[in-house]
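The values are calculated or read from the model by the stated rules, or taken from the named source; none is laboratory data. Not measured: the values here are computed from a predicted model. Because the Cβ atoms are built from the backbone with ideal geometry, glycine has one as well, and the counts that use them run over all protein chains shown.
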Amino acid sequence: MKIDSLDSVTIALVGAPVGKGRPRVSAWRGKVHVRTPEATRVYEEAFRLTAFGQMRGRNPFAVPVEVLARFVFAPPASWSEKKRSAAIAGDIPHAIKPDIDNLQKSVLDALNRIVFADDALVVKIFAEKRYGQASLAVVTVRPLAPEELV
C-alpha cells in the first residue's frame, strides 16, 4: 500500500501556542470536580475547529500516524532588534515555558477523533519550539505505510 503526501493533513493556528494546563481538582458538597484550565480549553477548541475544517469531511486516520509539530513564538517586544533577529534566525533557542511536552499534549488532545481515530495511533512524534516572526503552531499528521513501521 502506497500512501502519498496528499494523504497528510496540515493544521496551522495563528497565535501563541498554549501548553496543556494542569487540571484543577476541587471538592464541593462531597463530590470531586476536575476542571481543565480555561486557556487550555479555548486553545484546544480553536485547534479542534481548525483541524475539522482542514479535514474537509474526511474520516479520521485509522492507521498508525506520525505527527510533525512546530511551535513558533514571537520574540518579546522588549528585546533589542539585534537579539530579536538572532532569535528569529534560530541562534537563540526558545528554552522557556511552555514545555514542549505540554504543547504536544494540547495539540494531540485537540486532534483526537478528528484527525486520527484514537491518539494511540500516534507512533512517531517530531516536535520543535522556536522563535519566529509571528506566533503560531503548525502540525502535520501523516499516515504511515506498513513498510515504514518496521
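Test each condition in (1) in a strand (DSSP E or B); (2) free of Cβ contacts under 8 Å to residues at least 24 places away in the same chain for Leu68 and report the one that comes out false.
Failed condition: (2).
Where residues in region 56-97 are aromatic (Phe, Trp, Tyr) and within 30 Å of Ile114 (Cα to Cα), which of them is surrounded by the most Cβ atoms within 10 Å (Cβ to Cβ)?
So, considering only residues that are aromatic (Phe, Trp, Tyr) and within 30 Å of Ile114 (Cα to Cα), the one surrounded by the most Cβ atoms within 10 Å (Cβ to Cβ) is Phe71.
Can you report the number of residues in region 134-150 which are more than 13 Å from Arg70 (Cβ to Cβ) and in contact with a helix residue (DSSP H, G or I) (Cβ under 6 Å, 6 or more places away or on another chain)?
Summing the residues that are more than 13 Å from Arg70 (Cβ to Cβ) and in contact with a helix residue (DSSP H, G or I) (Cβ under 6 Å, 6 or more places away or on another chain) in region 134-150 gives 1.
Taking Ser8, is it polar (S, T, N, Q) and within 16 Å of the chain's Cα centre (by Cα)?
Spelling it out, Ser8 is indeed polar (S, T, N, Q) and within 16 Å of the chain's Cα centre (by Cα).
Within region 4-22, is even one residue modelled with pLDDT of 95 or more, hydroxyl-bearing (Ser, Thr, Tyr), touching a helix residue (DSSP H, G or I) at 6+ places or on another chain (Cβ under 8 Å) and assigned to a helix (DSSP H, G or I)?
No: region 4-22 contains no residue that is modelled with pLDDT of 95 or more, hydroxyl-bearing (Ser, Thr, Tyr), touching a helix residue (DSSP H, G or I) at 6+ places or on another chain (Cβ under 8 Å) and assigned to a helix (DSSP H, G or I).
So, in region 86-129, exactly how many residues are β-branched (Val, Ile, Thr) and either assigned to a strand (DSSP E or B) or within 14 Å of Gly19 (Cβ to Cβ) (or both)?
Result for region 86-129: 6.
Answer yes if at least one residue in region 40-50 is loosely packed, with under 10 Cβ neighbours inside 10 Å and either in a loop (DSSP other than H, G, I, E, B) or on the phi < 0 side of the Ramachandran plot (or both), and no otherwise.
no
What are the residues in region 25-61 that are out of contact with any strand residue (DSSP E or B) (no Cβ under 8 Å at 6 or more places or on another chain) and closer than 30 Å to Ala145 by Cβ, if any?
Result: Glu44, Arg48, Leu49, Phe52, Gly53, Arg56, Gly57, Asn59.
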